[in-house]
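Structure record follows, encoded as structure tokens.
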Amino acid sequence: MMGERIEITRQSRVAVLGLGVSGRAAVDYALFCGAEVLISDSRSEKQLSSEEKVLLSLPRVKWEAGGHSHQFLAGANLVLLSPGVDPELPLLADLRRQGVPVVGELAVVAGHIPVPLIAVSGTNGKTTVTTLVGELLAEAGKKVFVGGNIGTPLYDYLRAPAGYEFVVAELSSFQLQSAGAFAPDIAVLLNITPDHLDRHHDFAAYRAAKMQLFANRSSGAPAILNGDDPVCRDIAAGLGHGCLLFGRGADCAARPEDEGVTLLWQGDQERYHLQGTPLALGMGPLNAAAAILAGRCAGCRPQEIQAALRRFRPLAHRLELVAEVDGVTFYDDSKATNTGAVVAALTHFAAPVVLIAGGRDKGDDYRLLRPAVAGRVKKVVLLGEAAGLLEEALADVVACVRAESMAEAVSLAAAAAGGAGVVLLAPACASFDMFRSYGHRGEEFRRAVLALAAGGCRLRKAAG
């Protein structure tokens, strides 16, 4: 059943579990198809937003709040999971045994997208590379739908596909867990380091979820993987024809070097320049190499790719320069929600760094931060539920201090910087203990930095 094409019709009775962004889009799509919809959310009715409550009052919609019940869902002939709902819930296992398909967004779109689809996954860098690939295609004159985990569900494409020539989708491990027959035309896997182990339980299960990106791959379909990442290399070894590596190895088709990327393509060597762009630093060249390979596989010409690389600007809350205050430069990397992302962020800085970290634990091993922190970070300011776990992992290699709020964390970090160096917000944790999202956390960081300046410090704001 999981490998079959999913069809939603007027005869369908579709249950949607979870009313997040993806869940709301699933409801809209099921109603668009004429189905009856059962909405089930774990939150109480009082916790639902006004936007979510509007859905509950629509015709052909029934709902329950405060938990998922077998009695309510028993009448469904299809269950659509939001990415945040664990597909291993016992209730869902019962429904599967009864023959009810339990699938996610990717399984629904499988077989329904007639244009080439480029899928990007990995632990870190997904949004940057997804956005960049979309911009390469746009520079080539293509109308591109960019969606998935980046914020616009693929259900939205199914409701209005007219005119699009490509789909570029960022995919999370949660989405890939319930991907069914989904098979991208071009698949990009950027890296795999421990993340979301609170959901996946161990690294093997997390890796298995990421490998679903290739589960239904057609023979020879382009598969682009990070040759510098040992887990990706191991996966690539089993993929056969059509596998392309990016990285610094001699066998990599796209190699970051000398503030640019050298591409070996169909017997020729192409050179892409990154000097003076945000992609020249840190993980930027690797991300650019992955996007360049995807762009060339999709038919983009070298001059189009180079033009898009020069125009690309980093997204919010991803190593975003906030301001310089009294000689201290403040960077917002709130999207760094795992240890791998924090390690990558720290490689950008030679100056002494004061690191602000902490939040809701996702099961990561914070001891993985020790080599990157030792000698480069002069103090760690900790906040949130995971402060104790981070302190336990790091206290013997770097001084640690705790804060009760973002404003206090910024104040303590500025004092620790002592008029020089960098203050970096790179939490290694989820945001949901103190903030609505990583974006909200980043905005609170920015607000605290500007308030610090308004208190009498000299401020030089970031350009733009």
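With a cut-off of 8 Å between alpha carbons and a minimum separation of six or more residues, what is the relative contact order of segment 1-158 in percent?
Relative contact order here is 25 percent.
Sort segment 360-430 into rounded, prolate or oblate with this rule: let a ≥ b ≥ c be the square roots of the eigenvalues of the Cα gyration tensor; rounded if a/c is under 1.5, and if a/c is not under 1.5, prolate when a/b is larger than b/c, oblate otherwise.
oblate
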- Each label point is 7 Å from the Cα along the Cα-to-Cβ direction; what then is the distance between the points at residue 61 and residue 46, in nm? 2.2 nm
- Query: Which distance in nm do the two modelled labels at residue 203 and residue 399 give, with both placed 7 Å along the Cα-to-Cβ direction?
  - Reply: 3.3 nm
- Please report, as a whole percent, how much of the solvent-accessible surface of segment 1-160 comes from carbon and sulfur atoms (probe radius 1.4 Å). 50 percent
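Arrange the peptides 100-109, 229-238, 342-351 so that the one whose residues have, on average, the most other Cβ atoms within 10 Å appears first.
100-109, 342-351, 229-238
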- Note on the structure: Which residues qualify? For residue 260, with a placed amide H closer than 5 Å and at least 5 residues away or on another chain, they are 274
- Query: With each pseudo-label sitting 7 Å past Cα toward Cβ, what's the residue 237-residue 7 distance in nm, one decimal?
  - Reply: 4.4 nm
- Query: Okay, helix-only estimate at 222 nm for the chain: each DSSP H run of n ≥ 4 adds -39500 (n - 2.57), divide by all residues, round to 500 deg cm²/dmol; what do you get?
  - Reply: -9500 deg cm²/dmol
- Message: If you roll a 1.4 angstrom probe over the protein chains with everything in place, what fraction of the accessible area of segment 311-464 belongs to carbon and sulfur, to the nearest %?
- Response: 52 percent
- Task: Whole number in Å², please: accessible area per residue of the chain, 1.4 Å probe, ligands, DNA and RNA not counted.
- Result: 41 Å²
- Item | Amide H within-cut-off set for residue 364, under 5 Å, with H built and near neighbours excluded | 197
- Query: Please identify the trypsin sites (Lys or Arg not before Pro) of segment 386-450 that satisfy two criteria: DSSP loop assignment and at most 11 other Cβ atoms within 10 Å. Which are they?
  - Reply: 436
- Subtract the Cα-Cα distance of residue 156 and residue 251 from 0.36 nm times their separation in residues, and report this length gain in nm to one decimal. 30.3 nm
- Gain upon complete extension [residue 112, residue 440; 0.36 nm per residue less C-alpha separation]: 114.6 nm
- Note on the structure: At the level of C-alpha centres, the distance separating segment 1-66 and segment 241-263, in angstrom, is 44 Å
- Task: Give me the accessible area of residue 145, 1.4 Å probe, in Å² rounded to the nearest 10.
- Result: 20 Å²
- Message: I'd like the FRET efficiency for residue 265 and residue 164, computed as 1/(1 + (r/R0)^6) with the beta carbon distance as r and R0 of 25 Å, rounded to 0.05.
- Response: 0.45
- Whole Å is fine, so just give me how far the alpha carbon centre of segment 93-107 lies from that of segment 353-417. 41 Å
- Note on the structure: Note on the chain, DSSP bridge orientation, antiparallel percent to nearest 5 equals 25 percent
- Item | R0 of 30 Å, Cβ-Cβ distance residue 54-residue 407: FRET efficiency to nearest 0.05 | 0.30
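The values are calculated or read from the model by the stated rules, or taken from the named source; none is laboratory data. Note that the structure is a prediction, hence the values are computed from the model and not measured. Glycine also receives a Cβ, built like all others from the backbone with ideal geometry; neighbour counts cover every protein chain displayed. These area figures cover heavy atoms from the full protein model, side chains too; ligands, DNA and RNA do not enter into them. Shrake-Rupley method; radii C 1.70, N 1.55, O 1.52, S 1.80 Å.
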